[in-house]
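In what follows, a single structure is set out as structure tokens and then discussed.
The values are calculated or read from the model by the stated rules, or taken from the named source; none is laboratory data. Nothing here was measured: the structure is a model prediction, and the numbers come from that model. Here Cβ is always computed from backbone atoms with ideal geometry, including for glycine, and neighbour counts include all displayed protein chains. The protein model used for the area step is the full one, side chains on, heavy atoms only, and it has no ligands, DNA or RNA in it. Shrake-Rupley method; radii C 1.70, N 1.55, O 1.52, S 1.80 Å.
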Amino acid sequence: MIDRVAILLAAGVSSRMNTKLPKVLHEVTGRPMLAYVLDACRSVGVEKIYVIVGFGADQVKERFCGDEDKDIVWVHQAKQLGTAHAVMCCREHLENFVGQTLVLCGDGPLIRAKTLQTLIEKHEAEQSAATLATAVLDDPTGYGRIIRDVYGNIQGIVEDSDCTPTQRAVKEVNPSYYLFNNQALFKALSQVKPNNVKQEYYLTDALSVLIATGNKVVAVTAVRPEEAMGVNSRTQLSVASKIMQHRVQQELMENGVTIVDPENTWIDARAKIGQDTVIEPFVYIHGAVSIGRDCRIGPFAFLREGTVIGDDVVLGVFTEVKNTSLADGVRARHHSYLGDAAIGCRVNVGAGSITANYDGHHVHRTSVGDDCNIGSGAVLIAPLTLPAGANVGAGTVVSQENVDKLCAK
Ligand code: UD1
Ligand code: CA
């Protein structure tokens, strides 16, 4: 078994995003970009992930501090002098490491585990010092171009800003998916010079150094165009989100969920939805929402963080649910807001009924027992516990005091 680590570059300022937030924390279908890159690394079995942070380092570290992030080693790059310099910051950790080093960018959330698998297989079959996965794009603008000789061997990578007109016409690009023999990587990095328009230390130049010093470098065209995108602008962020949304929905549909109008539906990557549930058009699901089997959601429903829905639940137009559990068989077909509540089995929530969960200072919880019937236009003032089987008349304003009085009779 070969030892394998990963280095993820995430220190950049990202002037093109025009943002105060570190770029890798910008979200794609509900998760920060960096989360997808971490997933991809973990899926190919890396022991440790060295994440290079600089701009907004504390924010990035704070976002990834869960149990699943114990394999991350944070490495600081004080000044962003280029991608080669960023990798070089790992020197004290890795210079004696013997094994494979995967190098990826934190701004490439569309990376797929399968591509990394292909990269690793190629690297091992070719016994190369470095292997990179490339993509062929109709519009290669902005990416480093892969320059090959007449035999198809890679000669180097030239950044967009350094290209001659002939090089600029090359459609094969570098999505920044690299696998290195670690020792060869650090030897080459020490020879990289900032000889380019931006005067930065380019990681791509480490490949030219390797080639010039007689090491084997292999480029495998294994990246689908839609997967190659690095997110450098808000426009690219929106394109990446669309592509990811398509993947999320595709997987749900394969798992037996009907999505009536995929183009007009937005489902968070963290959502879980059961078999034979139907998602009607204009549904927006945000957060790690869980929905059971045989439900019908929407049209125009808004499900937010903390929503847990059982089986056979029907939610209709303009129903908003937040931090609430809905047990099996609940119906809330029209214009409801259910926030910070636990709604029992088979409860019917009439049109326009809401939980008044916020008193201006604090949020309070509502609990509705099994088989309650909530008439139209009811206001349930939290904190509130409604006993099982209660029947709330249309237009009632329900407080705990009222309930207690009625129950005492
Ligand atoms: C880079 C590649 C380019 C490739 C493209 C793919 C280089 C020189 N160029 O260009 O060939 O086509 O990615 O998306 O590598 N970063 C640091 N420290 C630094 C500089 C950058 O951590 O000093 C990080 C950034 O935060 C980012 C990543 O490295 O996550 C890539 O940097 P970026 O400036 O976006 O490089 P590109 O111009 O996109
Ligand atoms: Ca980039």
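Cβ-Cβ under 7 Å, sequence separation 6+ or interchain: first residue in segment 164-185 and in the same structural domain as Val46 (by TED's automatic domain parsing) and in a helix (DSSP H, G or I), partner of a type in the set (Ser, Thr, Tyr) and within 16 Å of ligand 1 (Cβ to nearest atom). Which pairs? From residues that are in the same structural domain as Val46 (by TED's automatic domain parsing) and in a helix (DSSP H, G or I), the pairs are Asn182/Thr101; Leu185/Thr101. If you check Val397, Val363, Val321 for being open to solvent by 50 Å² or more (accessible area, probe 1.4 Å), within 31 Å of the chain's Cα centre (by Cα) and of a type in the set (Val, Ile, Thr), only one passes: Val363.
The residues of segment 1-29 that are in a loop (DSSP other than H, G, I, E, B), open to solvent by less than 10 Å² (accessible area, probe 1.4 Å) and away from ligand 1 (no atom under 13 Å from the Cβ) amount to a single one, Thr29. Close Cβ contacts (under 6 Å, 6 or more residues apart or on different chains) running from residues in segment 382-409 that are assigned to a loop (DSSP other than H, G, I, E, B) to residues that are hydrophobic (A, V, I, L, M, F, W, C) comprise Ala390/Cys372; Thr396/Ala378; Ser399/Ile381.
Scanning segment 74-93 turns up at least one residue that is more than 22 Å from Val223 (Cβ to Cβ) and in contact with a Lys or Arg (Cβ under 6 Å, 6 or more places away or on another chain).
Within segment 271-285, the set of residues being open to solvent by 40 Å² or more (accessible area, probe 1.4 Å) and assigned to a loop (DSSP other than H, G, I, E, B) comprises Gln275, Asp276, Phe282. Among the residues of segment 61-74, not a single one is near ligand 1 (Cβ under 10 Å from one of its atoms) and touching a strand residue (DSSP E or B) at 6+ places or on another chain (Cβ under 9 Å). Looking across segment 133-175 at every residue that is within 15 Å of ligand 1 (Cβ to nearest atom), hydroxyl-bearing (Ser, Thr, Tyr) and open to solvent by 20 Å² or more (accessible area, probe 1.4 Å), the one that is farthest from Ala40 (Cα to Cα) is identified as Ser161. When the test is whether a residue is more than 25 Å from Ala288 (Cβ to Cβ), open to solvent by less than 10 Å² (accessible area, probe 1.4 Å) and either touching a residue at least 60 places away in the same chain (Cβ under 8 Å) or within 10 Å of ligand 1 (Cβ to nearest atom) (or both), Met33 does not pass it. Residues that are away from ligand 1 (no atom under 16 Å from the Cβ) and open to solvent by 30 Å² or more (accessible area, probe 1.4 Å), at least 1 per element: which helices (runs of 4 or more DSSP H) completely within segment 83-132 meet that? Ranges flagged: 91-94, 113-126. Residues in segment 6-46 that are within 25 Å of Gln183 (Cβ to Cβ), in contact with a strand residue (DSSP E or B) (Cβ under 6 Å, 6 or more places away or on another chain) and not β-branched (Val, Ile, Thr): Ala6, Leu8, Leu9, Ala10, Ala11, Cys41. The set of residues in segment 12-45 that are more than 17 Å from Gln100 (Cβ to Cβ) and over 18 Å from the mean Cα position of the chain (by Cα) comprises Gly12, Val13, Ser14, Ser15, Arg16, Asn18, Thr19, Lys20.
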